[in-house]
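Inspection log for the structure reproduced underneath, given as structure tokens.
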């Protein structure tokens, strides 16, 4: 008679945590931060169709890193939940806190009950009438949820990016200044997972073609989400980043294209 396989609950949870963290760390980073005009999202993303940042509802934005197919399903479910609640009750009843709690319940239940956890990390942002009313909710793979007052860094090598943002962030930033602060973090040496461990200490330059940028603009009366692309984005970038082509943007790093085995893929991490 063969003995059944046994592993302690602690060991199972540790293994699931390690699996999820590794999957998330392989992706490129996303920065979300509050500034004087609303909430800014800046993601390193060379894809033109697979988005890490999107709109959920009138004043609510969504950003994610990890497995694209997993967080895309969560994003879609969040939109349906928000639409149903807003239609059934009132649009003012749809809040970032409600959606963040719903995501936390789904991820927490999956982490405990399923063999494979979600390899995702989410940010739900809620812009208010004043900067003091803005909320950034961070939801991790195990269902943990935190309300961050200033900024959130997800995916890739978060420690050097968070350290840089801690040195340069200010509540009174305007939009160009906020983009510059976010870029300063994303470009810091050691922030790129493709070049981590190779000893490179050279900062990178990310041009408009290598970025996905969006804002929740508090001055808009209803739908606040707006993407910033093309020439409009180039004009807002620091002078050193303007005119940087995609092929020149990541001298020290790798390539995100699926053909090169990068992280941004329909079934991979982003």
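Each value in this text was obtained by applying a stated rule to the coordinates, not by laboratory testing. These numbers come from a predicted model, not from an experiment. Neighbour counts run over all protein chains shown; Cβ positions are idealised from the backbone, glycine included.
In terms of overall dimensions, the C-alpha atoms belonging to the range 26-260 reach 51, 45, 31 Å along their principal axes, ordered largest to smallest. FRET efficiency for the residue 223 to residue 12 pair, using the beta carbon distance and R₀ = 45 Å, is estimated at 0.55. Extending 7 Å from the Cα toward the beta-carbon at both residue 242 and residue 69 defines two label points whose distance is 4.3 nm.
Of 88, 34, 234, 109, how do they rank once you tally other Cβ atoms within 10 Å and put the fewest first? Don't skip to the answer; put the middle values down first.
Details: 88 8, 34 28, 234 17, 109 11.
By the 10 Å Cβ count, ascending, the order reads 88, 109, 234, 34.
How do 144, 219, 17 line up, fewest other C-beta atoms within 10 Å first? Don't skip to the answer; put the middle values down first.
Values: 144 12, 219 7, 17 15.
If I rank by nearby Cβ atoms, fewest first, I get 219, 144, 17.
Note on residue 90 and residue 22: their simple-model spin labels are 5.0 nm apart, each label 7 Å out from Cα toward Cβ. Based on the reciprocal of the average 1/r between different C-alpha atoms, the Kirkwood radius for the range 41-84 equals 11.1 Å.
Here the translational diffusion coefficient of the range 78-131 follows from Stokes-Einstein with Rh set to the Kirkwood radius across Cα pairs; for 25 °C and 0.890 mPa s it amounts to 193 µm²/s. The residues 174, 58, when put in order of fewest to most other Cβ atoms within 10 Å, stand as 174, 58.
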